[in-house]
Amino acid sequence: IEPEENDIRLRYRIDGVLLDIFDLEKQLYGRVISRLKLLSGMMLNEKME
């Protein structure tokens, strides 16, 4: 997940090659990150230092 200036880009690395999957509206970034944290079992209030 790469935040860009105007949107968010979702990319996968397959066999060493980054493939663009789709773009999302920038305003959804927080919701996407929260959902991924929830699915991975992380605390939602944890932030990178």
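The values are calculated or read from the model by the stated rules, or taken from the named source; none is laboratory data. For clarity, every value in this text was computed on a predicted model and none was experimentally measured. A quick note on method: Cβ atoms are made from the backbone with ideal geometry, for glycine too, and the neighbour counts reach across all protein chains shown.
Pull out all pairs, ordered by first then second residue, where Cβ-Cβ is under 9 Å, the residues are six or more apart or on different chains, the first lies in region 19-34 and is farther than 10 Å from I8 by Cβ, and the second is modelled with pLDDT under 90 and surrounded by fewer than 13 Cβ atoms within 10 Å (Cβ to Cβ). Listed by first residue and then by second, the contacts come to S34/L44.
Total residues in region 21-38 satisfying the condition of being surrounded by 12 or more Cβ atoms within 10 Å (Cβ to Cβ) and either of a type in the set (D, E, K, R) or touching a Lys or Arg at 6+ places or on another chain (Cβ under 6 Å) (or both): the figure is 4.
Given the options L18, L38, L28, name the one that is out of contact with any Gly (no Cβ under 6 Å at 6 or more places or on another chain) and assigned to a strand (DSSP E or B).
Exactly one of L18, L38, L28 is out of contact with any Gly (no Cβ under 6 Å at 6 or more places or on another chain) and assigned to a strand (DSSP E or B), namely L18.
Looking at this structure, is I8 touching a Leu at 6+ places or on another chain (Cβ under 8 Å) and of a type in the set (A, V, I, L, M)? Taking the combined requirement at face value, the residue satisfies it. Scanning region 4-13 for residues that are among the basic types (K, R) and surrounded by 10 or more Cβ atoms within 10 Å (Cβ to Cβ) turns up R9, R11.
Working carefully through the options G41, G16, find the one that is out of contact with any strand residue (DSSP E or B) (no Cβ under 9 Å at 6 or more places or on another chain), modelled with pLDDT under 90 and loosely packed, with under 12 Cβ neighbours inside 10 Å.
On the way: G16 fails: modelled with pLDDT under 90.
Criteria check complete, one pass: G41.
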